[in-house]
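Some notes on the structure that comes next.
The values are calculated or read from the model by the stated rules, or taken from the named source; none is laboratory data. Computed from a prediction, not measured in an experiment: that's the story for all the values here. When we count neighbours, we look across all protein chains shown, and the Cβ atoms used for this are built from the backbone with ideal geometry, even at glycine.
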Amino acid sequence: MLEALLFLIMSSITIVCALCVVFQKNPIYSAIFLIQTMVSLAVLYILLHAQFIAAIQVMVYAGAIMVLFIFVIMLLNLSKADVEGERDNLLFQKSSAIILGLILVVMIGVVSVKTIFQGVKGEYTPESISHIGNTQLIGKLLFTKFVFPFEIASILLFAAIIGAIVLAKKKIIEDEKV
Amino acid sequence: MIPLTWYLILSGILFSIGAVGVLIRRNAIVIFMCIELMLNSVNLAFVTFSRQLDSMDGQIFVFFIMTVAAAEAAVGLAIIIAVYRNKATVNVDDINLMKW
């Protein structure tokens, strides 16, 4: 009962904040609301017995990635007119996008209610996970069953770091040549 | 125990909000934030199925999705900064060099 109440409160906060992300005029307000969305999603992960995912959701998403977003918003320092050009180049784009979004919600809702999800049950019930420890289990799996994707992820992050530096530093290098 | 269908419906609602945001907003940074919102909703569905099937694979996948999202955010924001240097705007309607 308490669990259902917590789910309803957190999910309504999540949905309201997600709507605010889309409909706020100022990008910095959108970023703040997105942080709140991610924090309330972390609470939902804890309800689903995924404590490690909840922790890295707060640290990586709400911490690192959103700080990056806010840095960029402040770095660009957009003027009032730049924040949202209100002219609609495409006629009816907003209204038709909202109608399509509502259709998408109804479709996903119908599919997830009507479908009977069945699959091969794994070996990790919440009881056995709490016996081993959620983080220990993820660590063990990362270095045994998923060691190849783990290494690929490190190469991907390395490539992303180099890409970000090359893209963002372009102008400074040109200035040095001149 | 909450029915897991509720989580899936919440995930679907968040995904649709993100998709609508990508379609109606003009600011490239806000479009980027909506993409993050969609990634988050997919993460929620992954964790839900991981809980339902008593398997850890879903949570490991969420871990990798977060890695990819971090890489994507770094590169995407660098691209936005590079575009802003050249065109002095982040409005996606004004960035139409490749438009045929």
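Just to be sure I understand, how many residues within region A:133-151 are among the hydrophobic types (A, V, I, L, M, F, W, C) and surrounded by 13 or more Cβ atoms within 10 Å (Cβ to Cβ)?
First, the residues of region A:133-151 that are among the hydrophobic types (A, V, I, L, M, F, W, C): A:137-138, A:141-143, A:146-148, A:150.
Within this subset, residues satisfying the condition of being surrounded by 13 or more Cβ atoms within 10 Å (Cβ to Cβ) are A:137-138, A:141-142, A:146, A:150.
Within region A:133-151, residues that are among the hydrophobic types (A, V, I, L, M, F, W, C) and surrounded by 13 or more Cβ atoms within 10 Å (Cβ to Cβ) number 6.
Within 23 Å of A:Phe158 (Cα to Cα), assigned to a helix (DSSP H, G or I), touching a Gly at 6+ places or on another chain (Cβ under 6 Å) and at the interface with chain A (Cβ under 7 Å from one of its Cβ atoms): is that true of B:Val62 in this structure?
On the way: within 23 Å of A:Phe158 (Cα to Cα): yes; assigned to a helix (DSSP H, G or I): yes; touching a Gly at 6+ places or on another chain (Cβ under 6 Å): no; at the interface with chain A (Cβ under 7 Å from one of its Cβ atoms): yes.
The answer is no for B:Val62.
What are the residues in region B:17-72 that are of a type in the set (S, T, N, Q) and surrounded by 22 or more Cβ atoms within 10 Å (Cβ to Cβ), if any?
Of everything in region B:17-72, those that are of a type in the set (S, T, N, Q) and surrounded by 22 or more Cβ atoms within 10 Å (Cβ to Cβ) turn out to be B:Asn27, B:Asn40, B:Ser41, B:Asn43, B:Thr48, B:Ser50, B:Gln59.
Of the residues that make up region B:34-44, is at least one of a type in the set (Ser, Thr, Tyr) and facing chain A (nearest Cβ under 7 Å)?
No - not one qualifying residue is present in region B:34-44.
Anything in region A:114-139 that is in a helix (DSSP H, G or I) and either in contact with a strand residue (DSSP E or B) (Cβ under 6 Å, 6 or more places away or on another chain) or facing another protein chain (nearest Cβ under 9 Å) (or both)? List them, or say none.
Going through region A:114-139, the residues in a helix (DSSP H, G or I) turn out to be A:114, A:126-132, A:134-139.
Correct list: A:Pro126, A:Ser128, A:Ile129, A:Asn134, A:Leu137, A:Ile138.
Hey, A:Lys145 hits all of (1) basic (Lys, Arg); (2) in a helix (DSSP H, G or I); (3) modelled with pLDDT of 90 or more but one; which does it fall short on?
Checking A:Lys145 against (1) basic (Lys, Arg); (2) in a helix (DSSP H, G or I); (3) modelled with pLDDT of 90 or more, the one that fails is (2).
Does region A:4-17 hold any residues that are closer than 10 Å to B:Leu10 by Cβ, in contact (Cβ under 8 Å) with a residue 12 or more places away in the chain and of a type outside the set (Val, Ile, Thr), and which are they?
A:Phe7, A:Met10, A:Ser11
Within region A:24-72, which residues are outside any helix (DSSP H, G or I), in contact (Cβ under 8 Å) with a residue 12 or more places away in the chain and of a type outside the set (Gly, Ala, Ser)?
Within region A:24-72, A:Lys25, A:Asn26, A:His49 meet the criteria.
Which condition does B:Ser11 not pass, out of (1) facing chain A (nearest Cβ under 7 Å); (2) of a type in the set (Ser, Thr, Tyr); (3) out of contact with any Gly (no Cβ under 8 Å at 6 or more places or on another chain); (4) surrounded by 22 or more Cβ atoms within 10 Å (Cβ to Cβ), if it passes all the others?
(1)
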